[in-house]
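*Asks:* Can you read through this structure? Questions will come right after.
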Amino acid sequence: MVAVESLIGCYMMSNRKHGTLYIGVSSQLVARVAQHREGIIDGFTKQYGLKRLVWFEFHETIIGAIQREKSLKRWPRDWKTNLIERTNPDWSDLFNRLAKNGVEAPPDPEAYRDWTPPET
């Protein structure tokens, strides 16, 4: 199995089909998505109730993931919708698929209650 720490990825969260979108990147993808789903961290995803992982992709490096995130944020909304619907036409929550893609079990949200973002 791949360690949670090595799952670098770019992802999109939503609240419903064709709903509000959030694009993010993380070097700990499973843990970060779990934080969004549980509303642990204040911010955009918590404010708008974005708990559904609708798209994700893995990257070899954090730099590649950040470049992809910045690129996607510049895309028109219909391009983002198209990207999501190519692999997830119903905008289903893909968290279980993500968790099974290299991680033995989804992370325990309680383990991230005291999480703080790294200093930049």
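The values are calculated or read from the model by the stated rules, or taken from the named source; none is laboratory data. Keep in mind it's a predicted model, so treat the numbers as computed, not measured. Note: ideal-geometry Cβ built from the backbone for every residue, glycine included; neighbour counts use all protein chains shown. Accessible surface is based on the protein model in full, side chains and every heavy atom, while ligands, DNA and RNA are left aside. Shrake-Rupley method; radii C 1.70, N 1.55, O 1.52, S 1.80 Å.
*Asks:* I'd like to check something: does segment 87-103 contain any residue that is modelled with pLDDT of 90 or more, open to solvent by 60 Å² or more (accessible area, probe 1.4 Å) and closer than 18 Å to residue 25 by Cα?
*Replies:* Checked segment 87-103: at least one residue is modelled with pLDDT of 90 or more, open to solvent by 60 Å² or more (accessible area, probe 1.4 Å) and closer than 18 Å to residue 25 by Cα.
*Asks:* Working only within segment 24-64, note down all residues that are outside any helix (DSSP H, G or I), in contact with a helix residue (DSSP H, G or I) (Cβ under 8 Å, 6 or more places away or on another chain) and closer than 15 Å to residue 8 by Cβ.
*Replies:* 24, 25, 26, 27, 28, 56, 57, 58, 59
*Asks:* Among the candidates 80, 73, single out the residue that is assigned to a helix (DSSP H, G or I), loosely packed, with under 15 Cβ neighbours inside 10 Å and at pLDDT 95 or above.
*Replies:* On inspection, the qualifying residue turns out to be 73.
*Asks:* Of the conditions (1) part of a helix (DSSP H, G or I); (2) touching a residue at least 24 places away in the same chain (Cβ under 8 Å), residue 67 satisfies every one except a single condition; which number is it?
*Replies:* (2)
*Asks:* So which residues in segment 7-43 are at pLDDT below 95 and open to solvent by 60 Å² or more (accessible area, probe 1.4 Å), if there are any at all?
*Replies:* 28, 37, 38, 42, listed by residue number.
*Asks:* Scan segment 46-66 for residues that are in contact with a Ser or Thr (Cβ under 9 Å, 6 or more places away or on another chain) and under 21 Å from residue 81 (Cα atoms) and report the count.
*Replies:* Final tally of qualifying residues: 9.
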